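Colleague: Handing you this structure, nothing more for now.
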Protein chains: 4
Amino acid sequence: MTGSWHGEAAAVATLTFDVDAETPVLAAGRGYADHMSTMSHQAYGPEVGVPRILDLLDDLGVPATFFVPGWVAQQRPGLAASIVERGHEVAHHSYSHRPPTGMTAAEERADFERALAVFAEQGIPISGHRAAMWEATWQTPDLVAEHGLRYDSSLMADDRPYRLAAAGGEIAELPVHWSLDDWEQYAFLPAPQIGSVITAPSTVLGMWCDELDAMRQYRCLFNLCVHPFLSGRPSRIVALRKLVEFALDRGDVHFARCRDVAEAALADRSLPVRHPARPEVSPEFFPH
Amino acid sequence: MTGSWHGEAAAVATLTFDVDAETPVLAAGRGYADHMSTMSHQAYGPEVGVPRILDLLDDLGVPATFFVPGWVAQQRPGLAASIVERGHEVAHHSYSHRPPTGMTAAEERADFERALAVFAEQGIPISGHRAAMWEATWQTPDLVAEHGLRYDSSLMADDRPYRLAAAGGEIAELPVHWSLDDWEQYAFLPAPQIGSVITAPSTVLGMWCDELDAMRQYRCLFNLCVHPFLSGRPSRIVALRKLVEFALDRGDVHFARCRDVAEAALADRSLPVRHPARPEVSPEFFPH
Amino acid sequence: MTGSWHGEAAAVATLTFDVDAETPVLAAGRGYADHMSTMSHQAYGPEVGVPRILDLLDDLGVPATFFVPGWVAQQRPGLAASIVERGHEVAHHSYSHRPPTGMTAAEERADFERALAVFAEQGIPISGHRAAMWEATWQTPDLVAEHGLRYDSSLMADDRPYRLAAAGGEIAELPVHWSLDDWEQYAFLPAPQIGSVITAPSTVLGMWCDELDAMRQYRCLFNLCVHPFLSGRPSRIVALRKLVEFALDRGDVHFARCRDVAEAALADRSLPVRHPARPEVSPEFFPH
Amino acid sequence: MTGSWHGEAAAVATLTFDVDAETPVLAAGRGYADHMSTMSHQAYGPEVGVPRILDLLDDLGVPATFFVPGWVAQQRPGLAASIVERGHEVAHHSYSHRPPTGMTAAEERADFERALAVFAEQGIPISGHRAAMWEATWQTPDLVAEHGLRYDSSLMADDRPYRLAAAGGEIAELPVHWSLDDWEQYAFLPAPQIGSVITAPSTVLGMWCDELDAMRQYRCLFNLCVHPFLSGRPSRIVALRKLVEFALDRGDVHFARCRDVAEAALADRSLPVRHPARPEVSPEFFPH
């Protein structure tokens, strides 16, 4: 890929797996550790979903990126390595999956660096970051750049990569969007209360194929985010297989790891540079 | 269009785009300005969605109306002009997107007039108004009439235009309805918590085509409201294109700007005149 | 219809329209009367929906039952009479649409009797009752029987009519169910917050046709409940028309007013008699 | 079935019916006993749904398992026996349907043992258990083993049976999952507020057939959980019939009672043994 970030492809697809395991539930309340059923629901992700997904990727011959919270990598020492060994990327997904917007700047920094320490200890190379709950603060890109990572994947201001002028240097942003996330479609738990109706995988598959086709028209990044504890379930992983097969059939969709897309984006000088700027919001007009 | 407000058409379609950008989120809490991901999610509207929509409208050759909060026009000085230059209408959508029902009468007036001042300063002619969150008060039509605007588009007592006897004179009402709004179908944010399941664009397209066909039977105003931060996304804008093509294929659907429909409605003496009247509600029967 | 309550029909269909207008919103909070948009959303029911529904029924040649809160009949003096004149039934739907379960026994009685007084004053004959929000108390059937009404339609213990041994005598119960109500499918308001996703009418039509077909197998009462402020909208009323046409095409579905079904049910001695009995619930096992 | 827990079958299907009746509502609040409509909605389950389901199972010739709260069995003395007489299994589903995670250890034990006492008194043999609301605690498997039961069915760490090393000995776990539960799809009540949109049975049928087909690929346990008060309704029970017919048509799906699957799983030494272990969660990283 030289010149344009997408090369000859009509669209670039990054399959990303957020291996959250127990963390989103524990971040909502430490006491949920007492809920054995809920813990088992989350454990399904790394224990059943991830191996099944790795086999699927092998079978299809496409690379992927796994965003793993540091706590999860620590609790299951062989997990990150088992992903890297299969040719995929492991990336930074916070330590505890607490959303940065709910932490002080110092807490966010500590959580961020703790995760890096875990991966360093395990010898896992890290190039990029995704904020827990996709809830980055204005400090987040600076932390990413300061620690030498090359990209973030938590923002939503475009559906094509963009360059972000962070305090510590330029990084690539690989934007996400809720409509390419399996959480809204599949997640359901009574406590903590998550989700409402569970959508049929065939409906989700249709929606994602339509989005991919439209993204081919607009030359976008199809940055899919799925969770092994959700999309590792049988008919959902079959839907994921069909989606990848659909994309491969199109013939003009390029599958890549996030780190490779980030390098191509940083090398593409035609991409816009955005300068993060928190809106000034007067209490006169927005009193609450 | 003389005589009947809809002329020869079976139905009249007004494509309206509420360019809310960050305002609905900031109106829910000023502190959300700290949430970089959420801000980027909203910024997508004016930055990616609006240009894409303007190109689509050019391509299809249909006019539209963009309801813009004054704060948004102020933050992005060229935005409103870029819409008007393409032959579309810009209309009043409050200053801050706080719902009028949550303000005192004086606050609503101040917010209303501040938006008008912004548009006056930018040389943008304004003929009509839509209340933030479609939450008009009984004062709202009076403000519209008092400031010389010709129509409001926030009420739901009919699916055809009607004339409204406001304190400051008669205005046209171009009614809206939640089923012709993309918010209920597509909006999802974790904080502030908005939406639940994200509907597939193909489902939304089918629903809107059915409504248009039924409105052709009843000679209605197909007053569609979509948000650039939602419907600017690839498969959703493709669905919007298909909807307009579907309507054009019918051959008897007239596309118009709201201001033109309002003038036709005000000139149609066969349309009913409604006199706003707040229901009298006794605490004896409705104690809460 | 002699002998069996359903005669020769495989299923009996009662089309019921709950003409709630502003009441469910005002029952949730008197202050919502200040919300002009919300009031207009509710006013659509009696002002646009009801006339359109009456024309549809004429066109299809089927009878129906309209459950009207006393407050609504009082606010719009000609409304109930306009329904009766077209050959349909008007029935009791509380005075204020406050759920009985949220009132004291004395308040429920006062609200119940106030509605009867309104209908008596307007010369509207009343044979049956439906509790607001389908939230009957154990006193409700007794009120129905004590005031000489013949049936209630607020309970869900069966999908066929049953006889209810109330304190004041036997009445018929024409059971309802949430899956045959348009509220869950279509209702959406931001304040008071009602609903989430708005379902496509074609989906609702499919669901109701399937239920009707299944009810033909089990010889049930297809007791459909729709709201003019919801199902009076164009594509929804077209879906309602298709549903009735589907039923008529089956050739073995009998359409009737609730009062006629109630008389047939009371005359059918093979129907079970249920004796209302509040479950005894020990605080030892159910502490909250 | 010897050797492999699934024998020659591609997938094993356990049809399970949670006969909750009034208990989930009363567990949410004892005061709901005053809500006659809600009580009737729940009573539909044992009174209409269960007999209809028993006839359906006879007709299809497949065995099933009914999880019954002790309180329900006590309130309706002949209910459990009527199920056993038809060749099906009755299993333990708590006494009061309060979730174990909301009780102290002593309360959970008392509730657990009280249910066993009810079934002992009624002469109903019990082999397995399912936690109310699928909210097991880390104590739950120990209670199951200690009382000589052979399996639990409340956890979600796999979609194939597994062996669980409980304090009192090894038991089988027959895992459940929310996507094979009719609650998320069909349940709707205004008070206590449960559910949002009601899904069409044809959509649910498609989703479950897809899951079954995918489970045939992965050799899973298709452990379906439906509720008589929900799935006993006409078009839903017709959808259930179609699902079973679909499975029978596949020719390689084995239907069994939970107790038989549990015995086969315990005899299959190739199945993994899991050791329940509550995650250690530091307040440093998970402060809330």
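The values are calculated or read from the model by the stated rules, or taken from the named source; none is laboratory data. Since this is a predicted model, take the numbers as computed values, not measurements. Positions of Cβ are generated from backbone atoms using ideal geometry, with glycine treated the same way; all protein chains shown enter the neighbour counts.
Colleague: Of the conditions (1) closer than 26 Å to A:Leu205 by Cα; (2) of a type in the set (Val, Ile, Thr); (3) in contact with a Lys or Arg (Cβ under 7 Å, 6 or more places away or on another chain), D:Val273 satisfies every one except a single condition; which number is it?
Modeller: Looking at each condition in turn, D:Val273 falls short on (1).
Colleague: For residues in the stretch C:14-63 being over 18 Å from the mean Cα position of the chain (by Cα) and among the hydroxyl-bearing types (Ser, Thr, Tyr), which is farthest from B:His275 (Cα to Cα)?
Modeller: Filtering first and then ranking leaves C:Tyr32.
Colleague: Another one. Working only within the stretch A:220-248, note down all residues that are facing another protein chain (nearest Cβ under 9 Å), among the hydrophobic types (A, V, I, L, M, F, W, C) and more than 20 Å from the chain's Cα centre (by Cα).
Modeller: Selection gives A:Val238 alone.
Colleague: Restricting to the stretch A:26-42, count the residues that are touching a residue at least 60 places away in the same chain (Cβ under 8 Å) and surrounded by fewer than 24 Cβ atoms within 10 Å (Cβ to Cβ).
Modeller: Going through the stretch A:26-42, the residues touching a residue at least 60 places away in the same chain (Cβ under 8 Å) turn out to be A:26-29, A:32, A:35, A:38, A:41-42.
Filter once more, so that each one left must be surrounded by fewer than 24 Cβ atoms within 10 Å (Cβ to Cβ): A:28-29, A:32.
Counting residues in the stretch A:26-42 that are touching a residue at least 60 places away in the same chain (Cβ under 8 Å) and surrounded by fewer than 24 Cβ atoms within 10 Å (Cβ to Cβ) gives 3.
Colleague: Now for a separate question. Could you give every pair whose Cβ atoms fall below 8 Å, whose first residue belongs to the stretch B:185-196 and is more than 7 Å from chain A (Cβ to nearest Cβ), and whose second residue is part of a strand (DSSP E or B) and surrounded by fewer than 18 Cβ atoms within 10 Å (Cβ to Cβ), counting only separations of at least 6 or pairs across chains?
Modeller: These pairs meet every condition: B:Ala187/B:Ile194.
Colleague: Out of curiosity, is A:Val244 at pLDDT 95 or above and under 19 Å from D:His177 (Cα atoms)?
Modeller: On the way: at pLDDT 95 or above: yes; under 19 Å from D:His177 (Cα atoms): no.
So A:Val244 does not fit the description; no.
Colleague: Return the residues of the stretch D:144-161 that are aliphatic (A, V, I, L, M) and within 25 Å of D:Leu224 (Cβ to Cβ); say none if nothing qualifies. I'd like the intermediate steps shown before the answer.
Modeller: First pass over the stretch D:144-161, keeping only residues aliphatic (A, V, I, L, M): D:144-145, D:149, D:155-157.
Of everything in the stretch D:144-161, those that are aliphatic (A, V, I, L, M) and within 25 Å of D:Leu224 (Cβ to Cβ) turn out to be D:Val144, D:Leu149, D:Leu155, D:Met156, D:Ala157.
Colleague: Now a separate question. I'd like to verify a number: residues in the stretch C:94-146 that are under 24 Å from C:Met156 (Cβ atoms) and among the small types (Gly, Ala, Ser), how many?
Modeller: Total satisfying the criteria: 11.
Colleague: Specify which of the listed residues (C:His129, C:His147, C:His97) is touching a residue at least 12 places away in the same chain (Cβ under 8 Å) and on the phi > 0 side of the Ramachandran plot. Steps first, please.
Modeller: Working: C:His129 fails: on the phi > 0 side of the Ramachandran plot; C:His147 fails: on the phi > 0 side of the Ramachandran plot.
Going through C:His129, C:His147, C:His97 in turn, the sole match is C:His97.
Colleague: For the stretch C:228-256, how many residues meet the condition of being surrounded by fewer than 22 Cβ atoms within 10 Å (Cβ to Cβ) and under 23 Å from C:Pro125 (Cβ atoms)?
Modeller: Looking only at that region, the number is 2.
Colleague: Same structure again: Say we look at the stretch B:195-219 and pick out the residues that are β-branched (Val, Ile, Thr) and over 19 Å from the mean Cα position of the chain (by Cα); which of these is farthest from A:Asp210 (Cα to Cα)? First the steps, then the outcome.
Modeller: Initially, the stretch B:195-219 is screened for residues β-branched (Val, Ile, Thr), giving B:197-199, B:203-204.
Next cut, over 19 Å from the mean Cα position of the chain (by Cα) only: B:197-199, B:203.
Numbers: B:Val197: 17, B:Ile198: 14, B:Thr199: 12, B:Thr203: 12 Å.
Ranking the qualifying residues of the stretch B:195-219, first place goes to B:Val197.
Colleague: Restricting the search to the stretch C:197-219, which residues are within 7 Å of chain D (Cβ to nearest Cβ), free of Cβ contacts under 8 Å to residues at least 40 places away in the same chain and of a type in the set (Ser, Thr, Tyr)?
Modeller: C:Thr199, C:Thr203
Colleague: Report, ordered by the first and then the second residue, all pairs with beta carbons closer than 9 Å, sequence separation of six or more or different chains, a first member in the stretch B:109-123 that is within 11 Å of chain A (Cβ to nearest Cβ) and aromatic (Phe, Trp, Tyr), and a second member that is assigned to a helix (DSSP H, G or I) and surrounded by 15 or more Cβ atoms within 10 Å (Cβ to Cβ).
Modeller: none
Colleague: Any residue at all in the stretch A:19-40 that is within 25 Å of A:Val253 (Cβ to Cβ) and touching a helix residue (DSSP H, G or I) at 6+ places or on another chain (Cβ under 8 Å)?
Modeller: Going through the stretch A:19-40, the residues within 25 Å of A:Val253 (Cβ to Cβ) turn out to be A:19.
Narrowing the set further to residues that are touching a helix residue (DSSP H, G or I) at 6+ places or on another chain (Cβ under 8 Å) leaves A:19.
Yes, some residue in the stretch A:19-40 is within 25 Å of A:Val253 (Cβ to Cβ) and touching a helix residue (DSSP H, G or I) at 6+ places or on another chain (Cβ under 8 Å).
Per-residue answers, yes or no, for (1) over 30 Å from C:Gly31 (Cα atoms); (2) in contact with a His (Cβ under 8 Å, 6 or more places away or on another chain); (3) among the polar types (S, T, N, Q); (4) modelled with pLDDT of 95 or more:
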site	(1), (2), (3), (4)
C:Gln122	no, no, yes, yes
C:Thr137	no, yes, yes, yes
C:Met156	yes, yes, no, yes
C:Gln185	no, no, yes, yes
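Colleague: Another one. Wholly within the stretch D:14-63, which helices (runs of 4 or more DSSP H) include no fewer than the required count, namely at least 2 residues that are among the small types (Gly, Ala, Ser)? Reasoning before the result, please.
Modeller: Values: elements: D:23-28, D:36-44, D:50-60.
Of the helices (runs of 4 or more DSSP H) lying wholly inside the stretch D:14-63, those with at least 2 residues that are among the small types (Gly, Ala, Ser) span D:23-28, D:36-44.
Colleague: Could you check, for the stretch D:2-12, whether at least one of its residues is among the acidic types (Asp, Glu), surrounded by 24 or more Cβ atoms within 10 Å (Cβ to Cβ) and not in a helix (DSSP H, G or I)?
Modeller: Residues of the stretch D:2-12 that are among the acidic types (Asp, Glu), as a first pass: D:8.
Keeping just the survivors that are surrounded by 24 or more Cβ atoms within 10 Å (Cβ to Cβ) gives none.
No.
Colleague: Restricting attention to the stretch D:173-186, which residues are touching a Leu at 6+ places or on another chain (Cβ under 6 Å) and either small (Gly, Ala, Ser) or not in a loop (DSSP other than H, G, I, E, B) (or both)?
Modeller: Selection gives D:Glu173, D:Leu180, D:Tyr186.
Colleague: What are the residue pairs meeting all of these: first residue in the stretch B:238-254, first residue in contact (Cβ under 8 Å) with a residue 24 or more places away in the chain, second residue basic (Lys, Arg), Cβ atoms under 9 Å, and 6 or more apart or on different chains?
Modeller: Pairs found: B:Arg250/B:Arg216; B:Asp252/B:Arg216; B:Val253/B:Arg216.
Colleague: Of everything in the stretch B:124-149, what is over 19 Å from B:Ala264 (Cα atoms) and away from chain C (no Cβ under 14 Å)? Give them in sequence order. Even if it seems obvious, please write down each step before you answer.
Modeller: Our first condition is that a residue be over 19 Å from B:Ala264 (Cα atoms); within the stretch B:124-149, this holds for B:124, B:131-140, B:142-143, B:146-147.
Within the stretch B:124-149, B:Ile124, B:Glu146, B:His147 qualify.
Colleague: Go through the stretch B:150-172 and count every residue that is part of a strand (DSSP E or B), more than 14 Å from chain C (Cβ to nearest Cβ), surrounded by fewer than 24 Cβ atoms within 10 Å (Cβ to Cβ) and small (Gly, Ala, Ser).
Modeller: 1
Colleague: What single numbered condition from (1) out of contact with any helix residue (DSSP H, G or I) (no Cβ under 8 Å at 6 or more places or on another chain); (2) away from every other protein chain (no Cβ under 14 Å); (3) charged (D, E, K, R); (4) surrounded by 17 or more Cβ atoms within 10 Å (Cβ to Cβ) fails to hold for A:Glu47?
Modeller: Only one criterion in (1) out of contact with any helix residue (DSSP H, G or I) (no Cβ under 8 Å at 6 or more places or on another chain); (2) away from every other protein chain (no Cβ under 14 Å); (3) charged (D, E, K, R); (4) surrounded by 17 or more Cβ atoms within 10 Å (Cβ to Cβ) is unmet by A:Glu47, namely (2).
Colleague: When residues of the stretch C:249-288 are filtered for being within 9 Å of chain D (Cβ to nearest Cβ) and of a type in the set (Phe, Trp, Tyr), how many remain?
Modeller: Residues meeting the conditions: 2.
Colleague: Of all residues in the stretch A:243-277, count the ones that are within 14 Å of A:Val12 (Cα to Cα) and of a type in the set (Ser, Thr, Tyr).
Modeller: Going through the stretch A:243-277 one residue at a time, the tally reaches 0.
Colleague: For A:Arg98, indicate whether it is out of contact with any Pro (no Cβ under 9 Å at 6 or more places or on another chain) and either over 28 Å from A:Leu189 (Cα atoms) or buried (at least 22 other Cβ atoms within 10 Å of the Cβ) (or both). First the steps, then the outcome.
Modeller: Values: out of contact with any Pro (no Cβ under 9 Å at 6 or more places or on another chain): no; either over 28 Å from A:Leu189 (Cα atoms) or buried (at least 22 other Cβ atoms within 10 Å of the Cβ) (or both): yes.
Criteria not met by A:Arg98.
Colleague: Hey, can you tell me all the residues within the stretch C:257-280 that are of a type in the set (A, V, I, L, M, F, W, C) and surrounded by 19 or more Cβ atoms within 10 Å (Cβ to Cβ)? Before you say what the answer is, go through the steps one by one.
Modeller: Keep residues of the stretch C:257-280 that are of a type in the set (A, V, I, L, M, F, W, C), which gives C:258, C:261-262, C:264-267, C:271, C:273, C:277.
Selection gives C:Cys258, C:Val261, C:Ala262, C:Ala264, C:Ala265, C:Leu271.
Colleague: Same structure, new question: Only one of these conditions is not met by D:Glu89: (1) under 23 Å from A:Ala191 (Cβ atoms); (2) touching a strand residue (DSSP E or B) at 6+ places or on another chain (Cβ under 7 Å). Which number is it?
Modeller: Just one mismatch for D:Glu89, condition (1).
Colleague: Looking at the structure I just gave you, is B:Asp111 part of a helix (DSSP H, G or I), of a type outside the set (Val, Ile, Thr), within 16 Å of B:Leu26 (Cβ to Cβ) and in contact with a Lys or Arg (Cβ under 8 Å, 6 or more places away or on another chain)? Steps first, answer last, please.
Modeller: Numbers: part of a helix (DSSP H, G or I): yes; of a type outside the set (Val, Ile, Thr): yes; within 16 Å of B:Leu26 (Cβ to Cβ): yes; in contact with a Lys or Arg (Cβ under 8 Å, 6 or more places away or on another chain): yes.
For B:Asp111, the condition - part of a helix (DSSP H, G or I), of a type outside the set (Val, Ile, Thr), within 16 Å of B:Leu26 (Cβ to Cβ) and in contact with a Lys or Arg (Cβ under 8 Å, 6 or more places away or on another chain) - is met.
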